[in-house]
Amino acid sequence: MEKICLSGYTSTVRNVSNATKRKVFESYNVDPKSDQFEVDHLISLELGGSNSMRNLWPQSYYTETWNARVKDVLEHHLNRMVCDGKISLEEAQKAIATDWIAAYCKYYNKLPASCATYMEKVK
């Protein structure tokens, strides 16, 4: 856990080759030339995630409300919570891997109307 709390840690472990990114896109039937997606870590590096294919997926920048930029904010917030001792690393990893939108609504919730709509749908 100490490593993920060090400033700049993720830049020392981020290592996803272009070939791996192409494989991720292909496995999800997404055009690898698309500028609509990023190859994202399901469990972010700042939460101890890996660069393994099993932890990578294409995520849209442009999906209305629940997109890569919103998930990035959640990842950073959960990292701060873990490093401040407010949540365990295991709890943060499980929450984001299970349903990152529900995790956003539970731990960050800066989009209350969108969270209410989403949580109503997943009941």
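Against the set (i) 7.3; (ii) 8.4; (iii) 8.0, the structure's computed mean projected area of the Cα convex hull in nm² falls on (iii). Report summary: the helix-based calculation at 222 nm, which adds -39500 (n - 2.57) for every DSSP H run with n ≥ 4 and divides by the residues of the chain, gives -15000 deg cm²/dmol.
If a helix is a whole DSSP H run, which ones in the chain reach 20 Å or further along their own axis (Cα) and hold a mean Kyte-Doolittle hydropathy of at least -1.0? TM-like helix candidates: 68-83. When the chain is treated as a Gaussian network with alpha carbon springs shorter than 10 Å, the biggest mean-square fluctuation among Ser50, Ser60, Ser34 belongs to Ser34. Once the chain from Leu111 to Lys23 is taken as fully extended at 0.36 nm per residue, the excess over their C-alpha distance is 28.4 nm.
Counting only residues at least eight positions apart within a chain, or on another chain, the lysines with an alpha carbon under 23 Å from that of Lys123 are Lys71, Lys94, Lys106, Lys110.
Each eigenvalue of the Cα gyration tensor of the range 1-49, multiplied by 5 and square-rooted, gives one semi-axis; in descending order these are 26, 10, 9 Å. The residues packed around Ile87, meaning those with a beta-carbon under 15 Å from its beta-carbon, carry a net charge of -1 if Lys and Arg are +1 and Asp and Glu are -1. Mean sequence separation of contacting Cα pairs (under 8 Å, at least six apart), scaled by the length of the chain, corresponds to a relative contact order of 21 percent.
Quick note: the coordinates plus some simple rules give every number you see, no bench work behind them. All values derive from a computational prediction rather than experimental measurement. A quick note on method: Cβ atoms are made from the backbone with ideal geometry, for glycine too, and the neighbour counts reach across all protein chains shown.
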